[in-house]
1. Among the residues of the range 67-96, write down those that are among the β-branched types (Val, Ile, Thr) and at pLDDT below 95.
2. Among all residue pairs at least 6 apart or on different chains, which show Cβ distances below 9 Å where the first residue, located in the range 144-169, is without any contact (Cβ under 8 Å) to a residue 60 or more places away in the chain and within 12 Å of THR235 (Cβ to Cβ) and the second is open to solvent by 80 Å² or more (accessible area, probe 1.4 Å) and of a type outside the set (Val, Ile, Thr)?
3. Going by the conditions given, is GLY362 modelled with pLDDT of 95 or more, farther than 18 Å from VAL259 by Cβ and open to solvent by 60 Å² or more (accessible area, probe 1.4 Å)?
4. Can you name every residue in the range 258-306 that is outside any strand (DSSP E or B), more than 22 Å from THR248 (Cβ to Cβ), touching a residue at least 40 places away in the same chain (Cβ under 8 Å) and open to solvent by less than 30 Å² (accessible area, probe 1.4 Å)?
5. Considering (1) closer than 26 Å to ASN249 by Cα; (2) modelled with pLDDT of 95 or more; (3) surrounded by 12 or more Cβ atoms within 10 Å (Cβ to Cβ), say which one VAL129 fails and leave the rest.
6. Considering only the range 145-152, I want to know if a residue exists there that is under 31 Å from the mean Cα position of the chain (by Cα), surrounded by 12 or more Cβ atoms within 10 Å (Cβ to Cβ) and closer than 30 Å to GLY93 by Cβ.
7. State all residues of the range 116-126 that are aliphatic (A, V, I, L, M) and either open to solvent by less than 90 Å² (accessible area, probe 1.4 Å) or at pLDDT 95 or above (or both); if no residue qualifies, say none.
8. Filtering the range 369-411 down to residues that are without any contact (Cβ under 8 Å) to a residue 60 or more places away in the chain and hydroxyl-bearing (Ser, Thr, Tyr), which residue is most open to solvent (accessible area, probe 1.4 Å)?
Amino acid sequence: MITSGLILQSTLSLHRTPGSNGLREYTVTQYLIRATTTPILCTDPSGAPCIHTVSIYFLCLLLLQVTLEASLGTIGFLVNISGTDEVQVHGRGEKHLTISTSNIHVLNLILKSITYTSMMYDIDSLDIVKFTLGEQIAQIPVLIRQPPIPRLHDPGQGRKISDLVTITTKTFLRYEQLRTMLKSVRQYYPDMKVIVADDNEKPEKIDDPNVEQYIMPFAKGWFAGRNLAVSQVTTKYFLWVDDDFLFTNDTKIEKLLDVLEATDLDLVGGNVAGNHFSFKLILEEGGEDGDCLHWSAGGYHTIPGFPNCILTGGVVNFFLALTDRILGVGFDPKLSRVAHSEFFIDALGRLRIGSCNHVSIGHQKKETPKDTELMEKMKLYNRFRENTSEQQRFKLGLLYFKNRLSCFIKR
């Protein structure tokens with residue numbers, strides 16, 4: 001049953017001009033060009049030897065003229081065949097190769113040694129080679145790509161957890177809660193580095209040799225702070241926690257690490273104070289107006305080897321993740337106050353996400369401060385955290401324009 005559905009185009013008027021629809025469609029067109037075009041690739045235009053040649057093997061059983069046509073590279077073959085009455089070859093080393101022969105054995109010998117050579121450089125492209133034999137036509141995909149250089153992280157001697165994981169958090173107007181959280185961290189992980197992104201108006205120094213505190217402009221925002229904190233991580237993994245969480249006996253980072261290192265997941269969440277929150281995101285392709293995103297609670301299926309974990313689309317604010325993979329998605333700094341699902345929407349199709357219920361973290365009790373100064377800070381914090389109708393419309397407008405969504409349905 002649909003519990004809520006939103007038509008997103010109506011949200012745009014608050015922060016865009018009347019020409020925004022045209023701008024949105026132009027932006028989508030440019031994105032599709034970049035995402036789907038297969039540019040010409042491979043060799044140095046100066047005439048230097050081709051960067052890479054690969055073999056494509058065929059087996060032909062018919063005595064007919066064979067043609068091979070490429071768009072982005074040239075077609076050749078490895079065997080030495082001199083021109084005779086038995087075989088005629090035209091276009092060897094060019095984009096269009098024709099082989100004509102009355103000897104099926106010679107034809108098969110050539111086809112077994114066919115090569116494709118890309119002719120201009122690109123990092124990731126696809127060519128379709130057309131193979132024609134009489135009335136028979138086959139299309140052969142040729143993937144041409146530059147393998148990325150690995151970025152390896154030194155696990156240190158003995159693979160200590162503190163050499164593999166950095167804790168990250170963002171704080172605003174809650175130094176008391178932050179210090180309580182850090183104290184709980186030190187009870188279980190005394191030498192693990194903690195990175196704090198801090199956008200308080202009057203920063204207070206955190207006295208801990210293993211804490212890196214980065215001061216931001218006042219009220220710069222939630223996702224901007226996340227970006228800053230994660231950008232300073234030098235370990236392979238980082239653990240995200242809120243500044244009012246509380247480490248307990250059940251906060252076993254090692255168990256989440258086991259999941260990531262034994263699977264191809266990029267991010268795995270736990271539960272917060274017994275709340276095992278996870279959700280699925282399903283993208284339904286739409287028409288000219290955009291796609292429709294469906295949100296529903298839960299997950300897809302259990303992760304093999306980890307019966308307490310499920311594959312899902314989004315988790316709580318307590319998760320362990322591969323640093324490089326998260327940096328590839330990032331946190332939209334336009335979302336400065338209340339945001340969560342928006343990161344996972346941006347990560348849809350880019351990150352593999354899991355959620356486990358056997359690792360948990362506590363949440364500090366919300367109590368009314370007796371101190372006047374702390375009370376004023378709490379009131380100010382609550383004003384910044386208020387999810388106003390204007391904030392909601394702004395976020396929906398982002399979904400409409402940035403993510404090209406026409407509707408968002410929550411079940």
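The values are calculated or read from the model by the stated rules, or taken from the named source; none is laboratory data. On a predicted model such as this, the values are computed, not experimentally measured, just so you know. Neighbour counts are summed over all protein chains in view; Cβ atoms, including those assigned to glycine, are modelled from backbone coordinates with ideal geometry. Heads up: the accessible areas ignore ligands, DNA and RNA and are worked out on the full protein's heavy atoms, side chains in. Shrake-Rupley method; radii C 1.70, N 1.55, O 1.52, S 1.80 Å.
1. Scanning the range 67-96 gives VAL79, ILE81, THR84, VAL87, VAL89.
2. The qualifying pairs are SER162/PRO190.
3. no
4. LEU265, ASP266, GLY299, listed by residue number.
5. (1)
6. Yes, because at least one residue in the range 145-152 is under 31 Å from the mean Cα position of the chain (by Cα), surrounded by 12 or more Cβ atoms within 10 Å (Cβ to Cβ) and closer than 30 Å to GLY93 by Cβ.
7. Residues satisfying the conditions are MET119, MET120, LEU126.
8. THR372
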